Amino acid sequence: MATVGNEKNVVFVVIDVHKAVLKNAWHADEVISNISRALEKARSAGIPVLWVKHSSDEMPKESDGWQLVDGLSPLEGERIIHKRNESSFEDTDFAEALAEHDCGHIVISGAATNWCVRATAYGALDRGYDITLVSDAHSTKNIELPDGKVIDAGGIITDLNIVMSHLSYPGRKTGTVTSTDLDFEKVAG
């Protein structure tokens, strides 16, 4: 029950599927395939698709690493949102793009799980949107800590999937679905 937009109006978002972001990411090829499957379902169902592209000093616009991974690219008419912060909402026209579709429910995929995917999901919930995270269509890399310990990427991904399955915000819905089970009619229902 989104508190903004029409909860039955869904938008599919693909976040930061850049070559540099997915290079060495956990199960990258499988995740890219799953994003592609979800993307095809969105397009077939007539669901608007928004692409988010991040740039930074380490990954400047138009650099090789900034390019989208092979197999994933916007079609003509699919809007691209450019950002320099982790959340797709901050200092961008993302909220305006959602409003153009009277969107109340965002289906999220992309990378990196623990940075831009998480920040966008929380930003959406804070602003009143319902969220569905495609549980097998987001990824990240292991985090190596200064003391030599490693936080496993698979654990980071599992953590966000669990959080989005159980997180409670008043007047909003959160959940997860696999790319195989994703049905945009059920999401919007």
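Read-outs throughout are calculated quantities, based only on the coordinates presented, and are distinct from any laboratory measurement. Everything quoted here is computed from the prediction, not taken from an experiment. No Cβ is skipped: glycine too gets one built from the backbone with ideal geometry, and neighbour counts run over all protein chains shown.
Quick notes
- Across L39, L167, L145, mean-square fluctuation computed from a Gaussian network of the chain (C-alpha pairs under 10 Å connected) peaks at L145.
- Selection from P48, H166, L75, by position along the positive dipole direction of the stretch 6-181 (Cβ): H166
- Residues of type lysines that K173 reaches as a straight line, Cα spacing below 18 Å, ignoring anything fewer than 8 places off in the same chain: K8, K186
- P(r) of the stretch 70-143 over all Cα-Cα pairs, binned every 5 Å from zero, in whole percent: 3, 14, 24, 29, 20, 8, 2, 0
- Packing-based ranking, highest mean first, of 4-13, 124-133, 66-75 given that Cβ atoms within 10 Å are counted: 124-133, 4-13, 66-75
- If the segment from E30 to Q67 were pulled out straight at 0.36 nm per residue, it would be longer than the present Cα-Cα gap by 11.4 nm.
- Length added when fully stretched, S56-K186, from 0.36 nm per residue minus Cα-Cα: 43.1 nm
- Residues in the stretch 79-96 reached by a label modelled at N9 [backbone nitrogen below 14 Å; 7 Å Cα→Cβ]: 95-96
- Taking every DSSP beta bridge that has both ends in the stretch 6-181, the antiparallel portion is near 10%.
- Within the same chain, lysines fewer than 8 places from K53 are excluded, and of the rest, those with a Cα less than 25 Å from its Cα are K19, K23, K41, K61, K83, K141.
- Helical content of the chain, expressed as a calculated mean residue ellipticity at 222 nm, amounts to -8500 deg cm²/dmol (DSSP H runs of 4 or more residues, -39,500 (n - 2.57) each, divided by residue number, nearest 500).
- Angstrom value of the Kirkwood radius, inverse mean 1/r, which spans all Cα pairs in the chain: 16.4 Å
- Taking every Cα-Cα distance in the stretch 22-118 and sorting them into 5 Å bins from zero, the calculated P(r) comes out as 2, 11, 22, 27, 22, 12, 4, 0 percent.
- Inter-part distance where the stretch 1-55 and the stretch 72-125 are each reduced to a Cα centre, Å: 9 Å
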